[in-house]
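Since the structure comes first, as C-alpha cells, the remarks are kept for the end.
The values are calculated or read from the model by the stated rules, or taken from the named source; none is laboratory data. None of these values were measured; they are calculated from a predicted model. Backbone-built Cβ (ideal geometry, glycine too); neighbour counts: all protein chains shown.
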C-alpha cells in the first residue's frame, strides 16, 4: 500500500508499478524494484503479471501476515488480516484503485481507460477496501470517478 494517492491517470500499469517501486525504494525495502501494483486493466491483471506459483507468505511492512500460503492463499477470497498499512507502516483507511477480483483477474472495464484517464468525471475505476479481509479487500463492488485520488496496493513479486 502506498502513502501517496493517485488519480486514474497512473501512466498505465507500468506507471503504477513504477510508483510501487519508488515507494518501496523510498523506505529502503529489500528488492524495491520487484514491487508491482495490484491493478487490472482490460487485458492484463495480477494473475497474469505476478508470480502465481509463489508459495511463501505475504506480509505487511510491519511483518503482519496477510496470506500464509502464497498466491493460493492471497487469492482465495479470505485474508488473515486487512491490507491496511503503507510502506511507512502508517494505518491506511481508504479505497485503493484495483479493478481486480479476489482471484487476481480483472473486474471488467472500470479501469480509467487502462489507468491513463483523469479528466473526464464519467470515466470510472473500481476499488477495494483496506478494512476488508473477504473478497472486498480487492473488489468492494464500487467505482469512483477517475478524477478521485486513491492509493495503490503494492505487492512484492519475487
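Below is a table of values for the structure above.
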{"item": "Index of the failed condition, residue 81 passing every other in (1) within 18 Å of residue 157 (Cβ to Cβ); (2) touching a strand residue (DSSP E or B) at 6+ places or on another chain (Cβ under 8 Å); (3) in a loop (DSSP other than H, G, I, E, B)", "result": "(1)"}
{"item": "Extreme residue, farthest from residue 157 (Cα to Cα), among residues of region 17-40 that are outside any loop (DSSP other than H, G, I, E, B) and in contact with a helix residue (DSSP H, G or I) (Cβ under 6 Å, 6 or more places away or on another chain)", "result": "25"}
{"item": "For residue 77: the one exception among (1) over 19 Å from residue 127 (Cα atoms); (2) surrounded by fewer than 17 Cβ atoms within 10 Å (Cβ to Cβ); (3) touching a helix residue (DSSP H, G or I) at 6+ places or on another chain (Cβ under 7 Å); (4) at pLDDT 95 or above", "result": "(1)"}
{"item": "Inter-residue pairs, beta-carbon under 8 Å, first on the phi > 0 side of the Ramachandran plot and in region 7-29, second assigned to a helix (DSSP H, G or I), 6+ apart", "result": "11/18; 11/115; 12/114; 12/115"}
{"item": "Residue match in region 90-102 (condition: without any contact (Cβ under 8 Å) to a residue 24 or more places away in the chain, closer than 24 Å to residue 144 by Cβ and not in a loop (DSSP other than H, G, I, E, B))", "result": "yes"}
{"item": "In region 1-11, the residues that are in a loop (DSSP other than H, G, I, E, B) and surrounded by 22 or more Cβ atoms within 10 Å (Cβ to Cβ)", "result": "1, 2, 8, 10"}
{"item": "One residue from 43, 14 being part of a loop (DSSP other than H, G, I, E, B) and either under 27 Å from residue 119 (Cα atoms) or modelled with pLDDT of 95 or more (or both)", "result": "43"}
{"item": "Selection count, region 46-73, where residues are in contact with a strand residue (DSSP E or B) (Cβ under 8 Å, 6 or more places away or on another chain) and either part of a loop (DSSP other than H, G, I, E, B) or surrounded by fewer than 13 Cβ atoms within 10 Å (Cβ to Cβ) (or both)", "result": "6"}
{"item": "Some residue of region 111-128 being assigned to a loop (DSSP other than H, G, I, E, B), under 16 Å from the mean Cα position of the chain (by Cα) and surrounded by fewer than 21 Cβ atoms within 10 Å (Cβ to Cβ)", "result": "no"}
{"item": "Among residues of region 18-47, those that are more than 17 Å from residue 105 (Cα to Cα) and within 11 Å of the chain's Cα centre (by Cα), counted", "result": "2"}
{"item": "Tally of residues being crowded, with 20+ Cβ neighbours inside 10 Å and free of Cβ contacts under 8 Å to residues at least 60 places away in the same chain across region 30-45", "result": "0"}
